[in-house]
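Enquirer: Before I ask anything, here is the structure I am working with.
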């Protein structure tokens, strides 16, 4: 269990208990500067249990962890948390064929048309995967996340790892213009429908259209090979 895992434990009355002192010192110090110290109850879903603090995207806890993970990825020599690789390859029992998993940042333009027209920007993260030999089929985000949760069964030689990553990178332009672009457009349509339902519920008159900003940003790329491959 990592120190990040040890810092969270289920609460008997629902939610989680966050132990800031169990985090690496560099993380705990930065959280203390934002007013988070000691142990407190948190929740990740609405409505939070009594006495629990709702942790959303902008909360100092995930925001600070995200900042430090990014710093570690960009500068492994920093005093941040352990570096986060943006590309990798490893064998795992989670797959039967070579599978590519990507972490994407999807951005959208929300055009609000009412008395005045204005444009807003929104973004979300997505994890997608596909069989390296069947590039037309995108696995669902839930399946892709499950693949990454399975630990590696062994290590690969550097030359083998780099070869797999290079082959995956060669596929990316076609994937970004094809299936991934289709996924982004589908997400834009889903967001537009969500906004439409909210407007109906609120009896609002403004119309919102959602357009994806293509291509999305590739934040991470990982190649999973069958165990014993």
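The values are calculated or read from the model by the stated rules, or taken from the named source; none is laboratory data. Remember, predicted model here, so these are calculated numbers, not experimental data. Every residue, glycine as well, gets a Cβ built from its backbone with ideal geometry; the counts of neighbours run over all protein chains shown.
So that you can scan it fast, the table gives a plain yes or no per residue for (1) touching a helix residue (DSSP H, G or I) at 6+ places or on another chain (Cβ under 9 Å); (2) within 22 Å of residue 96 (Cα to Cα); (3) without any contact (Cβ under 8 Å) to a residue 40 or more places away in the chain; (4) not assigned by TED's automatic domain parsing to the domain that holds residue 69:
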| residue | (1), (2), (3), (4) |
| --- | --- |
| 119 | no, no, yes, yes |
| 135 | yes, yes, no, yes |
| 154 | no, yes, no, yes |
| 165 | no, yes, no, yes |
| 172 | yes, yes, no, yes |
| 197 | no, no, yes, yes |
| 208 | yes, no, no, yes |
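Enquirer: Which ones in segment 92-147 are surrounded by 11 or more Cβ atoms within 10 Å (Cβ to Cβ), at pLDDT below 90 and part of a loop (DSSP other than H, G, I, E, B)?
Expert: 114, 140
Enquirer: Being modelled with pLDDT under 95, surrounded by fewer than 13 Cβ atoms within 10 Å (Cβ to Cβ) and assigned to a helix (DSSP H, G or I), is that true of even one residue in segment 152-166?
Expert: Looking through segment 152-166, at least one residue is modelled with pLDDT under 95, surrounded by fewer than 13 Cβ atoms within 10 Å (Cβ to Cβ) and assigned to a helix (DSSP H, G or I).
Enquirer: Which residue, of 28, 63, 89, is modelled with pLDDT of 85 or more, in contact with a strand residue (DSSP E or B) (Cβ under 6 Å, 6 or more places away or on another chain) and either in a strand (DSSP E or B) or not assigned by TED's automatic domain parsing to the domain that holds residue 148 (or both)?
Expert: 89
Enquirer: From the list 67, 71, 46, 37, pick out the single residue that is on the phi < 0 side of the Ramachandran plot and over 22 Å from the mean Cα position of the chain (by Cα).
Expert: Going through 67, 71, 46, 37 in turn, the sole match is 37.
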